[in-house]
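Below is one structure, written out as C-alpha cells; the observations come after it.
The values are calculated or read from the model by the stated rules, or taken from the named source; none is laboratory data. What you are looking at is a predicted structure, and each value in this text was computed from that prediction instead of being measured. Backbone-built Cβ (ideal geometry, glycine too); neighbour counts: all protein chains shown.
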Amino acid sequence: MAKRTVVSMPGDGIGKTVLPEAIRVLDAVGFEADYVHGDIGWDFWINEGNALPDRTIKLLEEHKLGLFGAITSKPKDQAAEELAPAMRDKGFVYASPIVRMRQHFDLDVSIRPCKSFQGNPLNFIRQTTDGFEEPNVDAVIFRQNTEGLYGGVEWTNPPKQVRDALETHPRMAKFKEVPSEDMAISTRIFSRNACRRIVRGAFEYAKKFGYKSVTVCEKPNVIRETSGMMRAEGMAAAKDFPGIDLWETNIDAQMMWMTKNPETYGVLVSGNMFGDIVSDGFAGLVGGLGFACSANIGKEVAVFEPTHGSAPKYETFSPSIVNPIAMILSACMMLDHIGETERSDKIRAAIAAVVAEGIVRTYDMARMAGRQDVLDKGAANTTEMTDAILAKL
C-alpha cells in the first residue's frame, strides 16, 4: 500500500507519553507512515484561546487520518481564569477540542471495543456456588458521537425566545416560576439519519465479525422521544439482518446486567451520553481505561484515541509509569480502518502474549496505587511495557 500520512496529536498529560509508544509499535510491525504533528490541548487554549487550532483542522482535512493522545478539559469558569492575560476579555469561550473535532468532521460513529485478555489480573470475576469464574468479555460499544447531550445546545439564563418556545410544552409549567437567571438548560437532540447510521453500523459490524446480537441501550420508557427514535431505528435495521438478534436494555439496568452476565453481550449501540457511560462500564470489566481504545469515524476523516484522560499528575513522573496498551490498541483500530488487519492482528497477539505471560505488568495491572515508587516494587514502566510487546513481535 502507498505510504500513509498520519496526523499525530499527543495533546496533554500522558497523551504525550503514550502516543510515541504506539508509534514505536507501528514502526516495529512494518507500518510505513509519515507522522505530522498536530497542535491540540490546554497550552493552545491558554496562549491562543483555541484548544483546537485551525492549522490542526487543516492537517486533518488534508490527511484524513489521526492518532490522538489525551486532552485536559476544565469547566468554562476555570478555563477562563487560566487564559493568558493577553487573551482575556476577547470573547474566547472554552470548548473541548475533541468534541469540537468530532462535530467539525462529523465523526459520528464511535467504536469502543471492550475485550478481555486472558491472564489479565484486572479482568472481571464473579462468585459461583462452587467458587469463582472469569467470563470472557467481548463487547463492542457503538456510541453516537456528535449529538445528544454532547451536541452543545445549552444555556444558562436562557434568552427570552428560547424560554418562550420551551414554555409551549405543557411539562414546562412546573418551571414557570423559576427565574431564567436561575435556570440552566441542556438539550438532548437526536436526528433520524444519525440514529440510522450508528445502528446500521452496529449491525454491519456484528455481521462482519460474527456477533450474535445487537443491544440498543437507551431509556425509552422515560426519555420517550429521543431514546424512542434510536429504538425505532434499531427495530427497522434488524429486519435487514435476520441472523442477528435485537436486544433492548435500559441504561440503568444495563449497568447492573453487565456485572452479572457480561459475556452474553456482543455489540451495543447508544446515544452519546449513554454510550460514554456503558463503554466505561464494560472497560472496567476488562482491565480499566488502560485497556480501553476507541475510534471516531466519519465519512472522510477518522481519529483514533484511548478513552482515558490526560492524567496530569503522572505527566512529570520519570520514568513514566502509565499503561500504554490502550493507546497501542487504538493504533490497531487505525490499522483495521485502513485495511492493515494483518499488522493489527500481530500487535494484538503480542499484547495478549505479554498479558498472559504475566511477567511485565504496569502498576495498574499489579493493583498498585499510582506512585513513582511502584517501579521499586516490581511494576514495569511505560517503556518497559512497550519493549515487552516489541519482543513478542
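Below are the figures for this structure:
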{"read-out": "Scan of segment 41-58 for residues that are surrounded by 21 or more Cβ atoms within 10 Å (Cβ to Cβ) and not hydroxyl-bearing (Ser, Thr, Tyr), ordered by number", "value": "Gly41, Trp42, Trp45, Ala51, Leu52"}
{"read-out": "Test: residue in segment 71-84 that is outside any loop (DSSP other than H, G, I, E, B), of a type outside the set (Asp, Glu), closer than 20 Å to Asn296 by Cβ and touching a residue at least 24 places away in the same chain (Cβ under 8 Å)", "value": "no"}
{"read-out": "Selection status of Gln144, surrounded by fewer than 19 Cβ atoms within 10 Å (Cβ to Cβ), touching a Ser or Thr at 6+ places or on another chain (Cβ under 9 Å) and closer than 28 Å to Val301 by Cβ", "value": "no"}
{"read-out": "Qualifying residue in segment 325-337 (condition: outside any helix (DSSP H, G or I), in the same structural domain as Glu384 (by TED's automatic domain parsing), more than 27 Å from Thr249 (Cβ to Cβ) and in contact (Cβ under 8 Å) with a residue 12 or more places away in the chain)", "value": "no"}
{"read-out": "Some residue of segment 194-209 being surrounded by fewer than 17 Cβ atoms within 10 Å (Cβ to Cβ), modelled with pLDDT of 95 or more and outside any helix (DSSP H, G or I)", "value": "no"}
{"read-out": "Selection status of Gly287, small (Gly, Ala, Ser), more than 25 Å from Lys16 (Cβ to Cβ) and in contact with a Leu (Cβ under 8 Å, 6 or more places away or on another chain)", "value": "no"}
{"read-out": "Members of segment 218-270 found to be crowded, with 19+ Cβ neighbours inside 10 Å, under 22 Å from the mean Cα position of the chain (by Cα) and in a loop (DSSP other than H, G, I, E, B), listed by number", "value": "Lys219, Met258, Tyr265, Gly266"}
{"read-out": "Residue under evaluation Arg348, criteria (1) over 21 Å from the mean Cα position of the chain (by Cα); (2) of a type in the set (Lys, Arg); (3) in a helix (DSSP H, G or I), criterion not met", "value": "(1)"}
{"read-out": "Residue within segment 105-114 that is more than 14 Å from the chain's Cα centre (by Cα) and at pLDDT 95 or above present", "value": "yes"}
{"read-out": "Filtered residues of segment 260-315 (kept if among the hydroxyl-bearing types (Ser, Thr, Tyr), farther than 20 Å from Gly151 by Cα and assigned by TED's automatic domain parsing to the domain that holds Ala70)", "value": "Ser310, Tyr314"}
